[in-house]
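Quick notes on the structure that follows.
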Amino acid sequence: MKLFHIYLRALLLLCISVTLYACSGRDDNSHESIPAKELSQLDNLINQSKEIDARKARAIDSLQSVLKHIPHSDSLKQMQTLRAIGNQYRSFCSDSSVIYYGRAQQIASRINPKTYGTDLRIDLINACAASGIFTIAEHTLLELDSASLSPTQTIAHAKAGRQLYSYYRGYMDDDNDITPMLTSRFTEYDSFLREKLPPDDPYRKFWTAEQHMREGRNKEARRELEAMLKNLSPTDNLYGMVAFGAAQASRNMGDDYNYGRYLALSAMSDVQGSVKETLAMPALAQWLYEKGEVDRAYKYINVSLNDATTSNSRMRTVAIANYVPIIDNSYRHKISASRDELMIYFLLVVVLLITSGTLLAIFLRNLRRSNQIRRKLRTQTKMQENYIGHFLGMCASYADKLEATRKLVQRKITAGQTDELLKMLKTSRTSEDQTDDFFKIFDETFLDLYPDFIDKFNTLLRPEEQISYTKGTPLTTELRIYAFVRLGVQESVRIAQILRCSVSTIYTYRNRMRGRAINRDTFEQQVSTLGEEKD
């Protein structure tokens, strides 16, 4: 059992080692800087995005169905419906919006170019800019610069110009030769709008906050943007833009947590509005990658890439594609590391199972051995009780015989029969009977304790010298001598006293038996250990 306890302690230590290894193998990054609540909400919305996009598609299908049933003579209604479809496609699939705006413009050029054509050309600028068709967008924008525009159209034209050069500038590298020119034109439209728009116009507030950020007044900018978010619906496209601006201000301030939180809010707004032309989701993926959240980063960058490709937003596709290989490689490396880690866990579990099997086998073997020992102890205890009963009976018999002899001696002496008493005492009949009874009890007791003693004793003798013994018969003198040797009585003098013979007789028997042994020198030592169980 001591060996079993040692193995049990080893198994416990191995289990603790596996647990510590598993804990050390897990990602130990602190999640305090991760907006868990917002990211969880974003994950839920992404899971619902197919249904959200399906609702958007059903709305477009409904308008297309209306378009099919409009008479060819009702050009105005056709143009308005085509423009409505283009508006629906604008943030959902910019290429399609270009097509529908173009069709609407063709009709407008026939019925009232000045009133409707200009508005549709401004819509076309926005659609082309989102699709990355910058040449056509810029050409159309510059054509309208010299046109006679209404105040409303002037504002819409400036918004289109600001958006065009914002996208165009974002598409170019900072060290590109035309980047300064694009920045200059963007600034002109931006300044014009902030001057002309009413103070309470939400876009003027948004662009003013962006100007504050460019001037380094990030705290003030974020405060203004946070105030705007309270008055906007998360499904409003402007909400996503404002939240993205608040994220940029937070990052400029070194507020990493709120940077991630506002990016998540912006991405949620884009998902709810089926906006595929998004900046927040890829930026959030990059930020999470920097935080070590590779799984989420991989998920978000793929969602972003899928949105950009399905909406045919070339500009966003190019921008997102720069991050995909980096995040994808990290994700694959993590998957590979996870497989290696799982293999280590598997090997450790196999070791545990083998160790457990070994311990179980040891435990069962020890249990069987313990049961055998208990059964043997019960048998020996019962035998000891029987032997004690035999010897107590023999002692009682000797006591009775001694008492009878005492009374007989007393009676004979009293009667003056001393000669007869002396004659009776000289006879050895009584003493021989008692000796025979003692030997009979000894033989039975010894053979009960060592039932295979004679067989094992013969294995120590040469084959031709082995003793033939019939079960149930008394032991021979030689066997009794070596029975006492087995019981630990080694001295010939003591053996002679017990067997009631001379010491020389015992020496003779022992010497003769050693001569019959296979190994004379170790014979008696081997006899003294016959019947001992070995582990």
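Could you grab me the full set of residues in segment 481-507 that are open to solvent by 70 Å² or more (accessible area, probe 1.4 Å) and among the polar types (S, T, N, Q)? Gln490, Gln497, Ser504, listed by residue number. Across segment 261-310, the number of residues qualifying as open to solvent by 40 Å² or more (accessible area, probe 1.4 Å), in contact with a Ser or Thr (Cβ under 8 Å, 6 or more places away or on another chain) and of a type in the set (Val, Ile, Thr) comes to 1. Figure legend. Inter-residue proximity from segment 333-362: first residues on the phi < 0 side of the Ramachandran plot and at pLDDT below 70, second residues part of a helix (DSSP H, G or I) and open to solvent by less than 60 Å² (accessible area, probe 1.4 Å), beta-carbon distance below 8 Å, spacing 6+ or different chains. Indicated pairs: Lys334/Val294; Glu341/Gly25.
Going by what's in this entry, would Ser91 be described as of a type in the set (Ser, Thr, Tyr), under 19 Å from Ala308 (Cα atoms), open to solvent by 20 Å² or more (accessible area, probe 1.4 Å) and outside any helix (DSSP H, G or I)? The answer is yes for Ser91. Of everything listed in (1) touching a Lys or Arg at 6+ places or on another chain (Cβ under 8 Å); (2) in contact (Cβ under 8 Å) with a residue 60 or more places away in the chain; (3) assigned to a helix (DSSP H, G or I), the single unmet condition for Glu277 is (3). Whenever a residue of segment 501-530 is within 17 Å of Asn458 (Cβ to Cβ), its partners that are among the small types (Gly, Ala, Ser) and open to solvent by less than 70 Å² (accessible area, probe 1.4 Å), lying with C-beta atoms within less than 6 angstrom and at least six residues away or across chains, give the pairs Phe523/Ala517.
Can you go through Asp448, Asp455 and tell me which one is touching a residue at least 60 places away in the same chain (Cβ under 8 Å), within 30 Å of Arg369 (Cβ to Cβ), in a helix (DSSP H, G or I) and open to solvent by 60 Å² or more (accessible area, probe 1.4 Å)? After applying the criteria, what remains is Asp448. Scanning segment 208-236 for residues that are part of a helix (DSSP H, G or I), touching a helix residue (DSSP H, G or I) at 6+ places or on another chain (Cβ under 8 Å) and surrounded by fewer than 16 Cβ atoms within 10 Å (Cβ to Cβ) yields Gln211, Lys219, Glu220. Selection of segment 105-164 for residues being of a type in the set (Ser, Thr, Tyr) and assigned to a helix (DSSP H, G or I) yields Ser109, Thr115, Tyr116, Thr118, Ser131, Thr135, Thr140, Thr152, Thr154.
The values are calculated or read from the model by the stated rules, or taken from the named source; none is laboratory data. What you see is a predicted model, and the numbers here were worked out from it, not measured in a lab. Virtual Cβ from ideal backbone geometry, glycine too; neighbours counted across all protein chains shown. These area figures cover heavy atoms from the full protein model, side chains too; ligands, DNA and RNA do not enter into them. Shrake-Rupley method; radii C 1.70, N 1.55, O 1.52, S 1.80 Å.
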